[in-house]
1. Can you tell me the equivalent ellipsoid semi-axes for the chain? Use √(5λ) from the Cα gyration tensor, largest first, whole Å.
2. Near K25, which lysines are there with a Cα under 25 Å away, not counting those fewer than 8 places off in the same chain?
3. Give, in nm to one decimal, the length gained when the segment between Q122 and V58 is fully stretched (0.36 nm per residue of separation minus the Cα-Cα distance).
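Rule-based calculations on the coordinates, nothing more; no lab input. Quantities reported herein were computed from a predicted structural model and do not represent experimental measurements.
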Amino acid sequence: MSQQEPVYPSATKELTEQRKNLAPKPAEAFKAFSRSVFAEGALPAKTKQLIAVAVAHVTQCPYCIRGHTSGALQQGATAEEIMEAIWVAAEMRAGAAYAHSTLALDTIARDKTEKASDVDTQDVGADRNLRSGA
């Protein structure tokens, strides 16, 4: 049996350089944007990294999960804080699925109303036919 290739290739310096060389201006702009976003501000850098860990789990980006988990650890986050952030993300993802159930329930109600309306329309037609002798 042959060894399977990984689904996601390892993030290497060579790949980073290749991306930078293929599109240097956007790469530098993104790097500056990222530095700005994760700098100390109204939110501490540790909190920003914990938010990023949570979001990375919701977006299911393995590179982001690894990178921001490392970033959170570098900013002093504990394993417990990181896991708690992940649980917040899981709850939000599950909560969104639950909240969106209102769309399914609304569709069911509309379908039921339309079918009832169709039955009422058929009944009215049948009544007319009986009265007209058809």
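1. Details: eigenvalues 612, 90, 58 Å².
After diagonalising the Cα gyration tensor, the semi-axes are 55, 21, 17 Å.
2. Counting by Cα, and skipping residues close in sequence, K25 has these lysines nearby: K13.
3. Extra length available between Q122 and V58 comes to 18.2 nm.
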